[in-house]
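All remarks here apply to the structure that follows.
The values are calculated or read from the model by the stated rules, or taken from the named source; none is laboratory data. Because the structure is predicted, anything quoted here is derived from the model rather than measured. Counting neighbours? That spans all protein chains shown, and the Cβs are built from the backbone with ideal geometry, glycine included.
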Amino acid sequence: MATPRLLRRCLLGSLSALLVASAAVTPARAEPAAAPAVPAAAADAQAVTFLDTFDGPAGAAVDGSKWQTETGDNVNNHERQYYTAGTRNAALDGQGHLVITARRENPAGYQCWYGSCQYTSARLNTAGRFSAQYGHVEARMKIPRGQGMWPAFWMLGTDLGQVGWPNSGEIDVMENVGFEPSTVHGTIHGPGYSGSGGIGAGYTLPNGQAFADAFHTFAVDWAPDSITWSVDGQVYQRRTPADLGGRQWVFNKPFFLILNLAVGGYWPGDPDGSTVFPQTLLVDHVSVTTSDAPAGAAVRGLAGKCVDVAGANPANGTPVQLYDCNGTAAQRWTAGADGTLRALGKCLDVASGGTADGTPVQLWDCNGTAAQRWVVTAARDIVNPQADKCLDVTGNNPANGTRLQIWTCTGGANQKWTVG
């Protein structure tokens, strides 16, 4: 079943298709005022390295080439569920979702650390099937509700079997404990900062909304020495080695993905009389997109020169400029699902969220703001909708190092962009 996230990530083609290919810069001329537009987010299917949209018939198992199913209990956290194989606790619903179901039952006499198991559920991972090192990692999900419920989307280092936990590292993209219906948590665990000592933060919905009431997108943008968490595109924390107080950063290596729904445990506490079963975790999609993959495209403009990150410097505030095309990572741009244009793991950003003519553009941490959203028109403009202005070469100057800015759209050659 086709769903909106497919349009965002896969079906609208690559960046080169969006920036209507042209062999040379066109002369300045007036363009149609109502040129059709598409979000920059529609771009760069090539940069998607993992995608599961859980399309298939109702009752079918997940794709075994992408996921394996874990079985057994978990004494380490004092969780109450037994993770089963098969499709009773993890199956497709025929509407483009994976459904992980927690039930109060023990149909096969399963034994848990505390005796006869009281609950069943499911836990899936991509170990041995897929791992990633850096990129945009996200899942769109609708979580369960109730005391004792503990859904999670997270990652472990692929060297887990060699170095053990927590030396392997753990990145929790999203965890929720049922007694906090409006809050989710993102956390890192490593040597000397694991378990209750993990380093993280929470994100709370406004006005008492509950995460169980609707689908939400949970993501991290992961780069060397940096992990940034967001919910529905809103960034709420960023962690770097500076946050560890001298302890070891163990996140510059491959990790695999995990989805599970636990019942009970030290953190959420056990279910009580208020908890209704069954409870479900609905997963709409899981994807990993590499934001600075070699598949990223050069964006050419005035005099055939390229949009370039000055000095290939990934620091916040680095100017974005016009420069001779050279094929480096500083000139490879990809598009995120949130309408961003990205290079070197960061976003093309209008400085201070400005909307005035002449506001410069720069590289900045992706933060989900309107200053980092772009639309590509059929007329080959790149427009920031918040300002309703075009990406522009300052002063129509083709010299190397000319700063890029936003400016009222004029149809001039210094506002026309192609892939080359």
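Of all residues in the stretch 171-201, those satisfying the criterion of being part of a loop (DSSP other than H, G, I, E, B), on the phi < 0 side of the Ramachandran plot and not charged (D, E, K, R) are Asn176, Val177, Gly178, Phe179, Pro181, Ser182, Pro191, Ser194, Gly198.
All of (1) out of contact with any Asp or Glu (no Cβ under 8 Å at 6 or more places or on another chain); (2) part of a strand (DSSP E or B); (3) touching a residue at least 60 places away in the same chain (Cβ under 8 Å) hold for Thr217 with one exception: (1).
Go through the residues of the stretch 323-336 one by one and say whether even a single one is hydroxyl-bearing (Ser, Thr, Tyr), within 30 Å of Ala139 (Cα to Cα) and outside any strand (DSSP E or B). Checked against the condition, which is being hydroxyl-bearing (Ser, Thr, Tyr), within 30 Å of Ala139 (Cα to Cα) and outside any strand (DSSP E or B), the stretch 323-336 yields no hits at all. Tell me, yes or no, whether the stretch 258-271 has at least one residue that is within 29 Å of Ala315 (Cα to Cα) and in contact with a Lys or Arg (Cβ under 8 Å, 6 or more places away or on another chain). No: the stretch 258-271 contains no residue that is within 29 Å of Ala315 (Cα to Cα) and in contact with a Lys or Arg (Cβ under 8 Å, 6 or more places away or on another chain). Within the stretch 307-322, being under 17 Å from Leu391 (Cα atoms) and in contact with a Phe, Trp or Tyr (Cβ under 6 Å, 6 or more places away or on another chain) holds for one residue alone: Asp308.
Residue count for the stretch 332-356, restricted to those that are more than 24 Å from Ser287 (Cα to Cα) and either surrounded by fewer than 24 Cβ atoms within 10 Å (Cβ to Cβ) or in contact (Cβ under 8 Å) with a residue 60 or more places away in the chain (or both): 6. Looking only at the stretch 375-388, residues that are in contact with a helix residue (DSSP H, G or I) (Cβ under 7 Å, 6 or more places away or on another chain) and either assigned to a strand (DSSP E or B) or buried (at least 21 other Cβ atoms within 10 Å of the Cβ) (or both) come to 3 in all. Here the condition is being surrounded by fewer than 19 Cβ atoms within 10 Å (Cβ to Cβ) and within 18 Å of Asp172 (Cβ to Cβ); of Ala108, Ala127, it holds for Ala127 alone. For the stretch 319-353, filtered to residues that are of a type in the set (Val, Ile, Thr) and at pLDDT below 95, the residue that is nearest to Gln405 (Cα to Cα) is Thr340. Scanning the stretch 51-98 for residues that are outside any loop (DSSP other than H, G, I, E, B), under 28 Å from the mean Cα position of the chain (by Cα) and more than 23 Å from His136 (Cα to Cα) yields Thr69, Glu70, Tyr83, Ala90, Ala91, Leu92.
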